[in-house]
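A quick write-up on the structure given underneath.
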Amino acid sequence: MKLASFLTENRRAYGIVTASGVIDLSRLSETPDNLCSALTDPGPQQLAALGAELAPDFALNEISYAPPITDPQKIICIGVNYVNRNEEYDDTALPPYPSVFLRTPGSLVGHLQPIVRPPESEQFDYEGEIAIVIGKPGRRIAQDDAEAHIAGLTVLQEGSVRDWMRHGKFNVTQGKNFDRSGAVGPWLVTADEFDNYDNLTVTTRVNGEQRQHDTTANLLFSFSYLISYLSTFMGLQTGDIISTGTPTGAGARFDPPRFLVAGDEVQVEVPGVGLLRNTVVDE
């Protein structure tokens, strides 16, 4: 099941995306007014049951996509999590633990919304990723139990301002949090749609040209490990997003670098999840 948050008729809503349109679940008396709350109560299984009896309320071209989880408590990003990406740093030694940083909700927009290149830099880059959305809260989650805490998956484009990532000695926070610099969506695909997470592919294209491609079979740290590791030092809550890392091929890695400019279209595709598409604009 695909669950999306969106704007329509000057109001926020969420619902089930089907081939013929969107079923607005937020208008029902049995449901809360946001998707994050609905993942807890009534939960994905009951949402599917409610939607099974309903026809679409809107065509897809009648809605404006928002991030699937509009106000997550945490957006946790994992750096250098593909084997080939680690090799970009001329480092053959595998890291013992993941690299972790946070993004703010205001740094991400929804599907088909413009991503914004700031005037402070010309080093605006793309990073296509698969993102986990937490459903069941937990702390110190065992790896064997971790998948039960996944509500579903979405696609994330972690737009990065490279020179601002080097402003701090030990962090990349500044370059990862420019307002509206990244995107997430188009929707959340619920966990029951996946047999496992071991061989998902992610592909990034800029103006139709493939720049990044890899599979989760090449992750240094699996989804289960990440959930277990992160929950050791902070409780994971419903709606928290874990972006699991980007493959090799970002614009900064070309010689000369191939950074984004106004008018560029960035697509990130994860078969079985969705295709996230955004166009770059200058602020």
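Numbers for the structure displayed
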{"item": "Segment 240-246 - phi-based ³J(HN,Hα) in whole Hz, Karplus 6.51/-1.76/1.60, Gly and Pro as x", "result": "4, 10, 10, 8, 8, x, 10"}
{"item": "Cα-based Rg / Dmax (Å) for segment 142-283", "result": "16.0, 45"}
{"item": "Mean separation of Cα contacts under 8 Å, 6 or more apart, over the residue count of the chain: relative contact order %", "result": "24"}
{"item": "Whole-Hz couplings from phi, Karplus 6.51/-1.76/1.60, listed for segment 31-47; x for Gly and Pro", "result": "10, x, 8, 9, 5, 4, 5, 5, 5, 8, 8, x, x, x, 5, 6, 4"}
{"item": "Derived scalar couplings ³J(HN,Hα) [segment 157-171; Karplus, 6.51 cos²θ - 1.76 cosθ + 1.60; whole Hz; x for Gly, Pro]", "result": "10, 8, x, 10, 9, 4, 5, 6, 5, 9, 5, x, 6, 10, 8"}
{"item": "15 Å beta-carbon shell around F178, net charge (K/R +1, D/E -1)", "result": "-3"}
{"item": "Selection from G274, Q45, N34, by position along the positive dipole direction of the chain (Cβ)", "result": "N34"}
{"item": "Volume in Å³ per residue [convex hull over Cα atoms, computed for segment 76-189]", "result": "134"}
{"item": "Along principal axes, Cα extents of segment 188-256, largest first, whole Å", "result": "42, 28, 21"}
{"item": "For R211, residues with placed amide H under 5 Å, excluding near neighbours", "result": "T204, R205, V206"}
{"item": "Neighbourhood charge, 11 Å Cβ-Cβ cut-off, centred on A191 and excluding it, Lys, Arg +1 and Asp, Glu -1", "result": "-3"}
{"item": "With Cα atoms, 0 to 90° folded angle of helix 223-233 axis to the chain main axis", "result": "90"}
{"item": "Amide proton proximity set for R117, modelled H, under 5 Å, gap of 5+", "result": "V281, D282, E283"}
{"item": "Net charge of Cβ neighbours under 15 Å - reference N34; Lys, Arg +1; Asp, Glu -1", "result": "-3"}
{"item": "Count of Lys pairs (Cα-Cα under 23 Å; at least 8 positions apart or interchain) in the chain", "result": "4"}
{"item": "Label assignment, Rg/Rh (Cα atoms, Kirkwood Rh) derived from the structure, set (1) 1.03; (2) 1.00; (3) 0.96", "result": "(3)"}
{"item": "Order of S5, S181, S20 - criterion: other Cβ atoms within 10 Å of each residue's Cβ, fewest first", "result": "S20, S5, S181"}
{"item": "Segment 2-65 shape via C-alpha gyration tensor axes, a/c threshold 1.5", "result": "oblate"}
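Each value in this text was obtained by applying a stated rule to the coordinates, not by laboratory testing. Computed from a predicted model, the values in this text were never measured in an experiment. Reconstructed Cβ throughout: ideal geometry from the backbone, glycine too, with neighbour counts over all protein chains shown.
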